[in-house]
Amino acid sequence: KSTEEACANLNYVFATTARNRDLAKEIFSPKSSMIKSRNIINEGQGVGIMFGPERAGLQNDDISLAQAIVSVPINPQFSSLNLAQCVVVLAYEWFNLNQKQENSRVHQKGVQYASLIEVEHLRSTLFKNLNFSNYFWPKDKKVSLMENLTNLLGRLPLTSADVRTLHGIIKSLIKR
């Protein structure tokens with residue numbers, strides 16, 4: 001499965017990385033990422049966490065699809081955790097958070113985040129129309145421009161209503 005397929009029905013995705021990737025995304029600690037996850041899940045929405053392979057971690061293409069990054073604070077001289085360690089740290093924070101909340105369930109009205117399918121459809125529509133209007137110029141910068149736009153859309157906590165609004169804006173601009 002591709003990353004897009006694996007995350008298609010999720011509304012919010014965290015990517016785990018220790019390295020600075022020059023991708024402007026909100027960075028969460030393990031604990032704060034689990035608090036945000038719980039709040040989103042309490043609203044009936046899907047949350048995912050991407051973990052990369054042992055050797056090199058996640059690729060920028062995968063990270064650009066996420067809305068935020070989870071980074072475990074570790075020694076900057078050796079900024080690496082193996083996959084099992086990273087999973088255990090996040091699982092531990094999730095366990096602790098849910099143990100504390102067990103006796104005091106709080107239901108907050110929140111945001112209905114757009115699914116990755118909705119955002120991917122918006123991205124596809126945007127890219128098709130930007131390509132048609134020759135936005136991706138010069139040609140040798142096309143891949144970089146597309147990655148930047150994918151990252152921009154990925155880090156925005158878009159709602160379904162936001163996605164519909166942006167589709168409407170694109171449609172309106174095309175008519176002109």
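The values are calculated or read from the model by the stated rules, or taken from the named source; none is laboratory data. From a predicted model like this one, the values you see are computed outputs, not experimental measurements. All Cβ positions, even for glycine, are placed from backbone atoms using ideal geometry, and neighbour counts span all protein chains on display. Ligands, DNA and RNA are stripped out before the accessible areas are found, and what is left, the full protein with its side chains, is counted by its heavy atoms. Shrake-Rupley method; radii C 1.70, N 1.55, O 1.52, S 1.80 Å.
Is it fair to say Tyr12 is under 18 Å from the mean Cα position of the chain (by Cα) and of a type in the set (Phe, Trp, Tyr)? Spelling it out, Tyr12 is indeed under 18 Å from the mean Cα position of the chain (by Cα) and of a type in the set (Phe, Trp, Tyr).
The single condition among (1) farther than 19 Å from Ala24 by Cα; (2) at pLDDT below 90 that Pro73 does not meet is (1).
Here Asp62 meets each of (1) of a type in the set (D, E, K, R); (2) under 18 Å from Leu153 (Cβ atoms); (3) open to solvent by less than 60 Å² (accessible area, probe 1.4 Å); (4) touching a residue at least 60 places away in the same chain (Cβ under 8 Å) with one exception, condition (4). Screening region 9-23 for residues that are over 28 Å from Asn96 (Cα atoms) and open to solvent by less than 60 Å² (accessible area, probe 1.4 Å) and picking the one that is modelled with the highest pLDDT gives Leu23. Within region 150-176, residues that are free of Cβ contacts under 8 Å to residues at least 40 places away in the same chain have Cβ atoms under 7 Å from residues that are surrounded by 15 or more Cβ atoms within 10 Å (Cβ to Cβ) in these pairs: Leu153/Val119; Leu153/Leu122; Leu153/Arg123, counting only partners at least 6 apart in sequence or on another chain.
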